[in-house]
Amino acid sequence: MKKWLFLTLVCTMCIIAWAGLADELYQVQYDVEYQYDIARGMLSTVNAHRTADDAWIWNADNETKTMISGLAPLQYSSELEKVAMQRAAELAIYYSHTRPDGSSCFTLFPGFTMAENIAAGQPTAAIVFEDWWEENEPYAGQGHRRAILDKAYTSIGIGCVKVGGRYFWAQAFTGGGNYETVTSNPSSITVSVRENALKNAANWNIGANSMEMEVGDTASLPSSVSAVGGLFGATRFRLLNPRWKTDSALITIDGNVVEAKAEGIALIRLFANSGPEIKLTIQPGGADEPPETPNTPRYDFSDVKYDGHAVMGKLTHTEGTGEAKTLSVRITFFITGNYYMATVGETAEDGSFTVEGVGPIEYISIRAFDQAAGENAPSCGATEILVN
């Protein structure tokens, strides 16, 4: 099991400028399980170590120690718990003391004297606290321990979330706070994320990866897409505001609407020089052009479900001048950071399908294609299932 720790970040009445704020920001949504009982259960461990008679930290020379005594227990603050839960959830998409939008973590904190501990991958509160306690680390490696034992901090909030089967942790410290109890959070979170933080995401689902148009036509590009990212490649997220781009003079893009200006082939990308792309073939337009040739058929999925062993559903032809000769579906399923391809299944005459031997899984991507057109045939329909 990979475990990740960052040195504690401490701020005392400081203002920090972040170059990342100039980056283009995207709205990203993903499912989060907030673990309140686990987080709050760590408080007694924190205070037992903080108030112990034999607490100590290394001095910078790594030869002498400073004994810590007389510290009061940290009070648990609902205000700081909100901060810590938000930060733990943000770590699932971008693991850093910098927030996903490029700003400092301290933009969430109340007050002026504050510190943050973060961690990822540890499956229990006991293990993550042991990592933060840093009993066997030298001075340079005891940043988390020093925050826990710092007399400047009187309040704490603790965050623990589960995303994609992995745990993410945060502790927020300040010199004050309020102490009401918070009992719930939504089951998903939407955060602003810099473009740079998304470029390493994988397994993008953008629907069809090819399109055909005629000169003068307009068409809609996907208004939301999904992918997997984060520290462990386990956070399945939805990008709610894709900003499609092109360097081709053959088309123009306004929001999610593309207009064909001249015939040829143009590439449409999610990011300027990387990320998923759509190949757009533009044919001449006008009444004097040759008769339209069949283009890629489009199918809609319906009644798609997963019973723990098989994926089943139905496909209906909705658009396109041609129909698939051998309509098939291909299943890609996701298990704790790894992807597997299931056996291709052909549909029945009415478009219904069942693909056996899938699972147990957390996420399924389903694509329809014309098997008779070969392995490289473009997708003619796509959907996804998020399994709780």
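Exactly one condition in (1) loosely packed, with under 10 Cβ neighbours inside 10 Å; (2) touching a helix residue (DSSP H, G or I) at 6+ places or on another chain (Cβ under 7 Å) is false for residue 38; which is it?
(1)
For the structure I just gave you, tell me whether residue 56 is aromatic (Phe, Trp, Tyr) and in contact (Cβ under 8 Å) with a residue 40 or more places away in the chain.
No, not satisfied.
Do you know which of the residues in the range 138-154 that are over 30 Å from the mean Cα position of the chain (by Cα) and within 16 Å of residue 71 (Cβ to Cβ) is surrounded by the most Cβ atoms within 10 Å (Cβ to Cβ)?
The residue in question is 153.
Within the set of pairs 6 or more residues apart or between chains, which connect a residue that is more than 12 Å from residue 350 (Cβ to Cβ) and among the charged types (D, E, K, R) inside the range 299-318 to a residue that is open to solvent by 60 Å² or more (accessible area, probe 1.4 Å) and part of a strand (DSSP E or B) with Cβ atoms less than 8 Å apart?
Qualifying pairs under 8 Å: 300/316; 300/318.
Each row is one residue, and each column tells you yes or no for (1) surrounded by 20 or more Cβ atoms within 10 Å (Cβ to Cβ); (2) over 29 Å from the mean Cα position of the chain (by Cα).
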{"site": "24", "(1), (2)": "no, no"}
{"site": "30", "(1), (2)": "yes, no"}
{"site": "47", "(1), (2)": "no, yes"}
{"site": "54", "(1), (2)": "no, yes"}
{"site": "59", "(1), (2)": "no, yes"}
{"site": "66", "(1), (2)": "no, yes"}
{"site": "70", "(1), (2)": "no, yes"}
{"site": "85", "(1), (2)": "yes, no"}
{"site": "90", "(1), (2)": "yes, no"}
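In the range 72-103, which residues are under 17 Å from residue 192 (Cα atoms), among the charged types (D, E, K, R) and part of a helix (DSSP H, G or I)?
Matches in the range 72-103: 87, 90.
Do we find a residue being closer than 29 Å to residue 193 by Cα, in contact (Cβ under 8 Å) with a residue 40 or more places away in the chain, crowded, with 23+ Cβ neighbours inside 10 Å and not aliphatic (A, V, I, L, M) anywhere in the range 123-131?
Checked the range 123-131: no residue is closer than 29 Å to residue 193 by Cα, in contact (Cβ under 8 Å) with a residue 40 or more places away in the chain, crowded, with 23+ Cβ neighbours inside 10 Å and not aliphatic (A, V, I, L, M).
Looking at the range 287-316 only, could you name the residues that are at pLDDT below 60 and either in a strand (DSSP E or B) or open to solvent by less than 90 Å² (accessible area, probe 1.4 Å) (or both)?
289, 295
The values are calculated or read from the model by the stated rules, or taken from the named source; none is laboratory data. Since we're looking at a predicted model, the values are computed, not measured. As a convention, Cβ positions derive from the backbone with ideal geometry for all residues, glycine included, and neighbour counts pool all protein chains shown. Only protein heavy atoms, including side chains, enter the accessible area calculation; ligands, DNA and RNA are left aside. Shrake-Rupley method; radii C 1.70, N 1.55, O 1.52, S 1.80 Å.
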